[in-house]
Amino acid sequence: MQGLFGPFLDLVEGLGWRVGAGCPLRAEDFDATRAPAHPHGRLHRRAENDKMGVGAWVLITETARNAVLEAMRVSEARTGWLFPAPKVDGKPWSRHYAKKLLTRAEKKANLEHVEGGGFHAFRRKWATERKHHPEADVMRAGGADARSLQQSYQRHDDETTLAVIMEPRRLRDARKQGA
């Protein structure tokens, strides 16, 4: 209806954040400056919008950058909500409204609803694709604590399990090193 669901989905897929932290993004939370430390810009995840109460400027992917720029274009926002509530002035989308849009999109695409899916599936995908990186960095970028990251979001997969078996990091032989 607003033309914002596509950019919202791209943003959800690109950030790995909880949906409740993505809905209240504001145009001024986007720093479009490209620099070696943040080649695609960055987003401010505000503490008041984060379940863990942690605010930070977070680096973003090119896909997330393009999603923000598209949301700004569609909503004509230079300040204020990137995803304004359609019937409530001065408010952003709620996570419940975003969930309704996702459910509607699933039905329209004739996709079977996956129990336990929803936006958590995007967060699990994001975390699993990054499990080869140090946990502290994945937690910071995705806004997750260690327990949630390990128990809820990162999933085992055949490719990584095979790499664990086939690519050991051999310990040095202390006897040969004169230790």
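The values are calculated or read from the model by the stated rules, or taken from the named source; none is laboratory data. Remember, it's a predicted structure, so these values are computed and weren't measured experimentally. In this analysis, Cβ positions are derived from the backbone assuming ideal geometry, glycine residues included, and neighbour counts consider all displayed protein chains. Heavy atoms of the whole protein, side chains included, go into the accessibility calculation; ligands, DNA and RNA do not. Shrake-Rupley method; radii C 1.70, N 1.55, O 1.52, S 1.80 Å.
Table for the structure above
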| read-out | value |
| --- | --- |
| Given charges at Cβ of Lys, Arg, Asp, Glu: segment 17-140 dipole, positive-most of ASN66, ALA127, GLY55 | ALA127 |
| HIS96 paired with ARG170, simple spin-label distance in nm, labels 7 Å along Cα-to-beta-carbon | 6.0 |
| At least 30 Å along the helix axis (C-alpha) and Kyte average at least 0.0, DSSP helices within the chain | none |
| Residues with amide H under 5 Å from that of VAL58, placed H, sequence gap 5 or more | LEU43, HIS44, ARG45 |
| Loop-located GluC sites (Glu not before Pro) in segment 1-93, at most 15 other Cβ atoms within 10 Å (DSSP) | GLU76 |
| Cα-centred dipole magnitude for the chain, charges only on beta-carbon of K, R (+1) and D, E (-1), debye, nearest 20 | 300 |
| For the chain, accessible area per residue (1.4 Å probe, heavy atoms of protein chains only), Å² | 65 |
| Calculated FRET value between LYS87 and HIS120, using beta carbons and R₀ = 30 Å, to 0.05 | 0.70 |
| Portion, in percent, of the accessible area of the chain that falls on carbon or sulfur, probe 1.4 Å | 53 |
| Estimated FRET transfer efficiency (ARG155, THR33; beta-carbon r; R0 22 Å; 0.05) | 0.05 |
| Answer label for Rg/Rh (Cα atoms, Kirkwood Rh) (calculated), chosen among (1) 1.42; (2) 1.04; (3) 1.07 | (3) |
| Theoretical ellipticity at 222 nm over the chain - DSSP helices of four or more residues, -39500 (n - 2.57) apiece, nearest 500 | -12000 deg cm²/dmol |
